[in-house]
Amino acid sequence: MAITTLAGANGSDHTTLVGTDLADSFAIDSDKTYVDGLEGNDTVTAGSAISDLIVVSGSDADRVTLSAEALKTNIDLGLGADTITVNDFSGSIYGGGSNDTITLSTNRVITNALIRGDGGADEFNLKTITGTIVNSNSDDDTINVTVSATNSSVYGGRQRDSITIADVTNG
């Protein structure tokens, strides 16, 4: 089976890409895209700046790599040990129910975002966050903010979490 593409009815709608129950690869190159990965070890990539991207990766171990600016973007990693790497980012990331890794590339910023680990022993490798909420939720999680957290909140969850923040600025 192939990935199904459903064009939006008008300019304000998202183009929808629906995967299969197998491992699918999605290369995103336009704004207003909705990706439904379903099952399988899916890969979602975007090499150029995008806006208004929605990804529901589904189950299994998925990989999302946004190599350029991603604004107003919402990612739901679902079940499975997933990995996401972002550059400049705003929107939301939900880790889902397994051991997920959420990484911000070097010299990049997450701004006005909500990042949740949800279930599993999640690892957050962040550099600079501004106006952002990070919530590890349940299980033994690790949160590292290695440059700075400005006007942001970082919360551990219900288990034994490790939180390290290099510099905090509010105001």
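Quick one: dipole size for the range 51-158, taken about the Cα centre, charges +1 on Lys/Arg Cβ and -1 on Asp/Glu Cβ, in debye to the nearest 20.
That gives the range 51-158 a dipole magnitude of about 360 debye.
Please turn the phi angles of the range 145-155 into ³J(HN,Hα) values with the Karplus equation 6.51 cos²θ - 1.76 cosθ + 1.60 (θ = phi - 60°), one per residue in order, whole Hz, x for glycine and proline.
Here the 3J(HN,Hα) series is 10, 8, 10, 7, 10, 10, 6, 10, 10, 10, 10 Hz.
Beyond 18 Å, how much of the Cα-Cα pair distribution for the range 1-57 remains, as a whole percent?
28
Using a probe of 1.4 angstrom, how much of the accessible area of the chain is carbon and sulfur, in percent?
Reported share for carbon and sulfur atoms: 48 percent.
Using the Cα centre of the range 13-82 as the reference point, and only Cβ charges (+1 on K/R, -1 on D/E), how large is the resulting charge dipole? Debye, rounded to the nearest 20.
With only Lys, Arg, Asp and Glu charged at Cβ, the dipole is about 200 debye.
For the chain, report the accessible area per residue in Å² (1.4 Å probe, heavy atoms, rounded to an integer).
46
Based only on Cα atoms, what Rg/Rh ratio does the range 109-167 have, Rh being taken as Kirkwood's radius?
Using only Cα positions, Rg/Rh for the range 109-167 is 0.94.
Enter the accessible area of residue 21 (Å², nearest 10), with the probe set to 1.4 Å and all protein chains included.
100
I want to verify the translational diffusion coefficient of the chain in µm²/s; compute it with Stokes-Einstein, Rh as the Kirkwood radius over Cα pairs, at 10 °C and 1.306 mPa s.
Answer from the Stokes-Einstein relation: 99 µm²/s.
So what's the gap between the Cα centers of the range 1-45 and the range 58-130, to the nearest angstrom?
Going from one Cα centre to the other spans 18 Å.
Two-decimal Rg/Rh of the range 62-116 from alpha-carbon positions, Kirkwood Rh?
0.94
The values are calculated or read from the model by the stated rules, or taken from the named source; none is laboratory data. These figures come from a predicted structure and were not determined experimentally. Cβ atoms come from the backbone with ideal geometry, glycine included; neighbour counts cover every protein chain shown. With ligands, DNA and RNA removed, areas are computed over all heavy atoms of the protein, side chains included. Shrake-Rupley method; radii C 1.70, N 1.55, O 1.52, S 1.80 Å.
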